[in-house]
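> Questions regarding the structure given below will be posed in turn.
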Amino acid sequence: MTAVLSPGPRFVASDGAALNVVSSGPADSAITLVLVHGWTQDHRTWDFVLPHLDPGVRVLRYDLRGHGGSAPARAGGATIARLADDLAELIADRVPDGPLVLAGHSMGGMTLMVLAERHPELVAGRLAGAAFVATSSGDMDKLTLGFPGLVGRSVTRFEPRVAKLLAGLRSDTLRLRPGMVRSGARRLVFGARPGREQVDSVVEQLLCAHPASAGMFLDAIAAHRGVGGLGALCDVPSVVLAGEKDRLCPLPHAKVIADELPHAEFVRFPGAGHMLPQERPYEVARRISALVRAAAR
């Protein structure tokens, strides 16, 4: 059964899109941590991470447009640049002052890169830490899902067709059998021996995503080039987290990010796949918390 999201306090972006926002922790916290989820997921991506974070830190989570309880992406609005502007506007509205630590998973990490490129004043003035979790700075249009040779090349050619198919759907949710989605998710986005609860969480979120938005964002991910934004983050304390069995944002993609951020900590997780917030929640929380503690000092 698809989970029904309870509506949180809404934030309306400058183009009129309403975003679902969830806040926890004390409002007067010295540091605010903003967690940004990935493609076809929502703020619940961080559910397994949240209990391991310092309860004294304010945490802001939200659903990207076209995901979870937020409004669908409008025509022309399903871009990483628009997501970066949404994040900048949300920060200006909900966290108008004080230091920030940002953490992004997958497309969320791409959003952080483009935020740095489009809003350098925010980075220079307020960003005290950044975590890139199972993400990529580019070449996603060459994705093979780890398959070699002809099969891998077929995946690369097939992905734009999937994006076009999804973008043409007019339903509000993906009408797929949860059992089929669960089996595919277990094989594609997880590493070795994922827990049933973790897999179910990913499936429930995917089935809440807006299909046409997901298709348009798949094209945006393929076109993503985030190296320019990484250049603006060179002096920001950062961590790059990567699963060694990640098929969606493979280990070499994480290595590119780490190389562009010479002072970043690069952490590899043997046996883990793409869904690090579910597969390694304690370790992800520990690395993010280290950034928060450093910012507080």
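> Which condition from (1) open to solvent by 40 Å² or more (accessible area, probe 1.4 Å); (2) touching a Gly at 6+ places or on another chain (Cβ under 6 Å) is the one that Ser14 breaks?
Of everything listed in (1) open to solvent by 40 Å² or more (accessible area, probe 1.4 Å); (2) touching a Gly at 6+ places or on another chain (Cβ under 6 Å), Ser14 misses just condition (2).
> A further question follows. In this structure, is Glu283 touching a Gly at 6+ places or on another chain (Cβ under 8 Å), modelled with pLDDT of 95 or more and surrounded by fewer than 21 Cβ atoms within 10 Å (Cβ to Cβ)?
On the way: touching a Gly at 6+ places or on another chain (Cβ under 8 Å): no; modelled with pLDDT of 95 or more: yes; surrounded by fewer than 21 Cβ atoms within 10 Å (Cβ to Cβ): yes.
No, not satisfied.
> A further question on this structure: Suppose we filter the range 205-245 for residues that are acidic (Asp, Glu) and touching a Pro at 6+ places or on another chain (Cβ under 8 Å); how many remain? Quick ask: steps written out before the conclusion?
Step one: filter the range 205-245 for residues acidic (Asp, Glu), giving 219, 235, 244.
Pick out the ones that are also touching a Pro at 6+ places or on another chain (Cβ under 8 Å) and you get 219, 244.
So the answer is 2.
> Name the residues in the range 210-229 that are in a loop (DSSP other than H, G, I, E, B), open to solvent by less than 20 Å² (accessible area, probe 1.4 Å) and modelled with pLDDT of 95 or more, would you? It would help to see each step written out before you state the result.
In the first step, residues of the range 210-229 are kept if they are in a loop (DSSP other than H, G, I, E, B); the result is 210, 224-226.
When the remaining residues are screened for being open to solvent by less than 20 Å² (accessible area, probe 1.4 Å), the result is 224, 226.
Answer for the range 210-229, where residues must be in a loop (DSSP other than H, G, I, E, B), open to solvent by less than 20 Å² (accessible area, probe 1.4 Å) and modelled with pLDDT of 95 or more: just His224.
> Looking at the range 38-57 only, could you name the residues that are open to solvent by 10 Å² or more (accessible area, probe 1.4 Å) and among the small types (Gly, Ala, Ser)?
Gly56
> Tell me yes or no: at least one residue of the range 30-37 is of a type outside the set (Val, Ile, Thr), loosely packed, with under 14 Cβ neighbours inside 10 Å, over 14 Å from Leu276 (Cα atoms) and touching a residue at least 24 places away in the same chain (Cβ under 8 Å). Spell out the reasoning first.
First, pick out the residues of the range 30-37 that are of a type outside the set (Val, Ile, Thr): 30, 33, 35, 37.
From the residues that got through so far, the ones that are loosely packed, with under 14 Cβ neighbours inside 10 Å too are 30.
Those left that are additionally over 14 Å from Leu276 (Cα atoms): 30.
Still in the list and also touching a residue at least 24 places away in the same chain (Cβ under 8 Å): 30.
So far as the range 30-37 goes, yes, one or more of its residues are of a type outside the set (Val, Ile, Thr), loosely packed, with under 14 Cβ neighbours inside 10 Å, over 14 Å from Leu276 (Cα atoms) and touching a residue at least 24 places away in the same chain (Cβ under 8 Å).
> Sticking with this one: Consider the range 246-292. How many of its residues are in a strand (DSSP E or B), under 25 Å from Leu100 (Cα atoms) and hydrophobic (A, V, I, L, M, F, W, C)?
So in the range 246-292, the residues in a strand (DSSP E or B) come out as 265-269.
If we keep only those that are under 25 Å from Leu100 (Cα atoms) as well, we get 265-268.
Subsequent filtering for residues that are hydrophobic (A, V, I, L, M, F, W, C) retains 266-267.
Going through the range 246-292 one residue at a time, the tally reaches 2.
> For Ala295, only one of the following conditions fails: (1) at pLDDT below 95; (2) open to solvent by 60 Å² or more (accessible area, probe 1.4 Å); (3) not in a loop (DSSP other than H, G, I, E, B). What is its number?
That leaves (2) as the condition not met.
The values are calculated or read from the model by the stated rules, or taken from the named source; none is laboratory data. All values reported here derive from a predicted model rather than from experimental measurement. Please note: Cβ atoms are built from the backbone with ideal geometry, for glycine as well, and neighbour counts cover all protein chains shown. Only protein heavy atoms, including side chains, enter the accessible area calculation; ligands, DNA and RNA are left aside. Shrake-Rupley method; radii C 1.70, N 1.55, O 1.52, S 1.80 Å.
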